[in-house]
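J.: Once you've had a glance at the structure underneath, I'll fire off some questions.
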Amino acid sequence: MLNSRTFKKIYRQLQEEEGYGPAIYAIRENMPNSLELFHYELKTESDIEVKNTLARTYNDLIQKQYPSILQMLLRKDFLSLEQIFGHLTAFIFDKVPFDVNQQLDTYTNQLIKRLNKKILENANPEEIIEEIHHKITQSLLIDNAFLGHYDFTEVAHQHIISQYSLGILVLIIAEKLDLPIYGLPFSDKLVLCYTENYCTHSELVTENDILYYIIIGEKDIIYTLEDLKLLALIQEETLELHNTLPKSTHKIIEGWLQHLSQGDFDAKTKYNLSSIYQQIFSLAEEF
């Protein structure tokens, strides 16, 4: 079985002329786990020349068969939102996979540094939500009008981001900090659910576990389940149970790409996005 220790041998073979071919074969046979191990070795590589050379190999391996690799990742039982969001961003916006994943890690860590650690460790949920709102969401302009605003790699330059992509960044930060925040995707937005601390996975959350709902972009407003039920009653709508519970990483990513493919963009862009959606989620029911 391929693990960190056994992959180190493959990683060393990549640096040798005779071992390069067998190493590539072993990586292809053990995707997607081999790519995660490859990525980790590249992150920790201290020799810049080796790192740059093998990063090109990593990128070539992925870019040649990206749709199938993304499908493999989406079939995993435990899927890192950071990992899949980085890869999907690289695929959609035609960028270098290793660079994009590095940028995502760096950017989310920069956002985390803005947050007060004492508040995160000791405050109540309302104060933690306010800290995230004030230090992260309020510092960016939210605009869904342009496709580029869904590309987080451009945020550092333009400080503008779509509501959906910003919601995913907050979820990645929550994942890194072990905050009980999960996502509830809708066609037009991503709602965040703040749950009880004992919740460790979105699919294990029940109605009674949810403390608050947060809609990124609505100024300092949080909702309880009772608020949503009252709103549905006022609007003479039925609030279905599945519309109140957070969803898995797979569904969040599917919702993000589906939202993109239905966006108000030009016809050519919409066609390309729809094609990408079909390539990746054509077997969505199996996920």
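The values are calculated or read from the model by the stated rules, or taken from the named source; none is laboratory data. Since the model is a prediction, treat every value here as computed from it, not as a measurement. Note that each Cβ is placed from the backbone with ideal geometry, even for glycine, and that neighbours are counted across all protein chains shown. Protein only, heavy atoms only, side chains kept; ligands, DNA and RNA dropped before computing areas. Shrake-Rupley method; radii C 1.70, N 1.55, O 1.52, S 1.80 Å.
J.: What does the helix-only formula give at 222 nm for the chain: each DSSP H stretch with n ≥ 4 adding -39500 (n - 2.57), the total divided by the residues, and the result rounded to the nearest 500 deg cm²/dmol?
T.: -17000 deg cm²/dmol
J.: Tell me the relative contact order for segment 144-280 as a rounded percent, counting alpha carbon contacts under 8 Å between residues six or more apart.
T.: This gives 20 percent for segment 144-280.
J.: If Lys and Arg each add +1 and Asp and Glu each add -1, what is the summed charge of the other residues whose beta carbon sits under 13 Å from the beta carbon of Tyr66?
T.: Net local charge, Tyr66 excluded: 0.
J.: In the chain, with Lys and Arg counted as +1 and Asp and Glu as -1 at Cβ, which of these residues, His149, Ile62, Gln110, has the Cα nearest the positive end of the dipole, that is, farthest along it?
T.: Ile62
J.: Between Ile112 and Asp77, what is the spin-label point distance in nm, taking each point 7 Å from the Cα along the Cα→C-beta axis?
T.: 2.6
J.: Normalising by the residue count of segment 79-184, find the relative contact order in percent from Cα pairs under 8 Å and 6+ residues apart.
T.: So the answer I get is 22 percent.
J.: In what order, largest first, do Arg12, Arg5 sit by accessible area if the probe radius is 1.4 Å?
T.: The ranking, largest first, comes out as Arg5, Arg12.
J.: Hey, another quick one. Hey, got the dipole for the chain? About the Cα centre, +1 on K and R Cβ, -1 on D and E Cβ, debye to the nearest 20?
T.: Details: 25 positive and 42 negative charges, 174 e Å.
With Lys and Arg at +1 and Asp and Glu at -1, about 840 debye.
J.: Another question about this same structure. How much length, in nm to one decimal, is gained on full extension between Glu196 and Lys270, taken as 0.36 nm per residue of separation minus their Cα-Cα distance?
T.: Between Glu196 and Lys270, full extension yields 22.7 nm more.
J.: Name the residue, out of Tyr25, Tyr11, Tyr107, whose mean-square fluctuation peaks in a Gaussian network model built on the chain with Cα pairs under 10 Å.
T.: With Cα springs under 10 Å in the chain, the top fluctuation among Tyr25, Tyr11, Tyr107 is at Tyr25.
J.: Hey, another quick one. Relative to the compact-globule scaling 2.2 N^0.38 Å, provide the ratio for the alpha-carbon radius of gyration of the chain.
T.: The chain yields a ratio of 1.07.
J.: For a quick check: with amide H placed at 1.01 Å from N, whose amide H comes under 5 Å from Cys199's, ignoring anything fewer than 5 positions away on the same chain?
T.: The answer is none.
J.: Using Cα pairs closer than 8 Å and at least 6 residues apart in sequence, work out the relative contact order for segment 81-139, in percent.
T.: Relative contact order here is 24 percent.
J.: Taking the Cα atoms only, what angle lies between the long axis of helix 267-281 and the longest principal axis of the chain, rounded to 10 degrees?
T.: Tilt of helix 267-281: around 70 degrees.
J.: Which shape class applies to segment 2-69: rounded if a/c is under 1.5, otherwise prolate when a/b exceeds b/c and oblate if not, where a ≥ b ≥ c are the square roots of the Cα gyration tensor eigenvalues? Don't skip to the answer; put the middle values down first.
T.: Values: a/c = 1.36, a/b = 1.22, b/c = 1.11.
The shape class here is rounded.
J.: For Val191, enumerate residues with amide H under 5 Å from its amide H, sequence gap 5+ or separate chain, H modeled in the peptide plane.
T.: Leu184, Phe186
J.: What pairs from Lys76/Lys176; Lys189/Lys270; Lys95/Lys135; Lys76/Lys189; Lys95/Lys268; Lys9/Lys51 go past 22 Å between their alpha carbons?
T.: Going by Cα-Cα distance, Lys95/Lys135; Lys76/Lys189 fall outside the 22 Å limit.
J.: May I ask for the net charge around Leu177, where only other residues with Cβ less than 15 Å from the Cβ of Leu177 are counted and Lys, Arg are +1 while Asp, Glu are -1?
T.: That works out to -1.
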